[in-house]
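Notes for the one structure printed next.
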Amino acid sequence: IADVFVRTRDVLTDSPKVEVDVHVRNQSGRAVQRLLSALLSAPDSSDQERQQATVTIEPGDSTVTLAFGALPAKPLWTLDQPALHIMSVLMQDAPGSQGALDMYATRFGFREAVFKDDGFYLNGEHVKLIGLDRHQTYPYIGAAAPARLQRKDADILKYELGCNIVRTSHYPQSPHFLERCDEIGLLVFEEIPGWQFIGDS
């Protein structure tokens, strides 16, 4: 499992939906059959929803999508109460086999973020965005900042400077910083990698 991307749908209804893109990499040189299972859970609950499928994975990189439909209503990720859920994806040889060949877990929130003509809306509520730009380099150590400094930056932006959004520039930033933003309810406008231009002519 190379990566997992979670998309939420219809979060403002009583029947939210989730799609899980599982990016897999088959380096064996031949097609293989595997059982993929996606487990949706909340950190403070033992309840889980599960979707699984037996799939044929061709050599190279490919994507398998597992869909959860008509889930029970979920607590929303908001600026004041950033409810996070966990999506764990397991790969097994076959149904009933013991153990997992691979596993990938990621946290996400049920939220709807929309820009309209009159501004930004989070979960259907108008929000005035107040934020700053952030680089992740530090005096004397550059980009070699440890996890605690990355997390501390998010806390400073949220709790000391009163921001509700941060713009990252101009490169993929530390997962420790991004995860802390998710935990404390700080929106992130994350740029694509690059500065001034992207690509060729």
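The values are calculated or read from the model by the stated rules, or taken from the named source; none is laboratory data. What you see is a predicted model, and the numbers here were worked out from it, not measured in a lab. Note that each Cβ is placed from the backbone with ideal geometry, even for glycine, and that neighbours are counted across all protein chains shown. Side chains are part of the model used for accessible areas, which takes the heavy atoms of the whole protein and leaves out ligands, DNA and RNA. Shrake-Rupley method; radii C 1.70, N 1.55, O 1.52, S 1.80 Å.
Before moving on, here are some points about what is shown:
- Within the stretch 16-38, if we keep just the residues that are among the aliphatic types (A, V, I, L, M) and without any contact (Cβ under 8 Å) to a residue 60 or more places away in the chain, the residue that is surrounded by the most Cβ atoms within 10 Å (Cβ to Cβ) turns out to be ALA38.
- Among all positions in the stretch 82-98, there is no residue which is of a type outside the set (A, V, I, L, M), modelled with pLDDT of 95 or more and part of a loop (DSSP other than H, G, I, E, B).
- Candidate set from the stretch 107-122 (those that are touching a Phe, Trp or Tyr at 6+ places or on another chain (Cβ under 9 Å) and part of a loop (DSSP other than H, G, I, E, B)); member that is surrounded by the most Cβ atoms within 10 Å (Cβ to Cβ): PHE110
- Test: SER41 is polar (S, T, N, Q) and surrounded by fewer than 16 Cβ atoms within 10 Å (Cβ to Cβ): no
- GLN136 meets all of the listed conditions (1) open to solvent by less than 60 Å² (accessible area, probe 1.4 Å); (2) at pLDDT 95 or above but one, namely (2).
- If the condition is being touching a residue at least 12 places away in the same chain (Cβ under 8 Å) and within 17 Å of ASP3 (Cβ to Cβ), then the stretch 94-118 contributes LEU101, ASP102, MET103, TYR104, ALA105, THR106, ARG107, PHE108.
- Complete set of residues in the stretch 143-172 that are open to solvent by 60 Å² or more (accessible area, probe 1.4 Å), assigned to a loop (DSSP other than H, G, I, E, B) and at pLDDT 95 or above: LEU161
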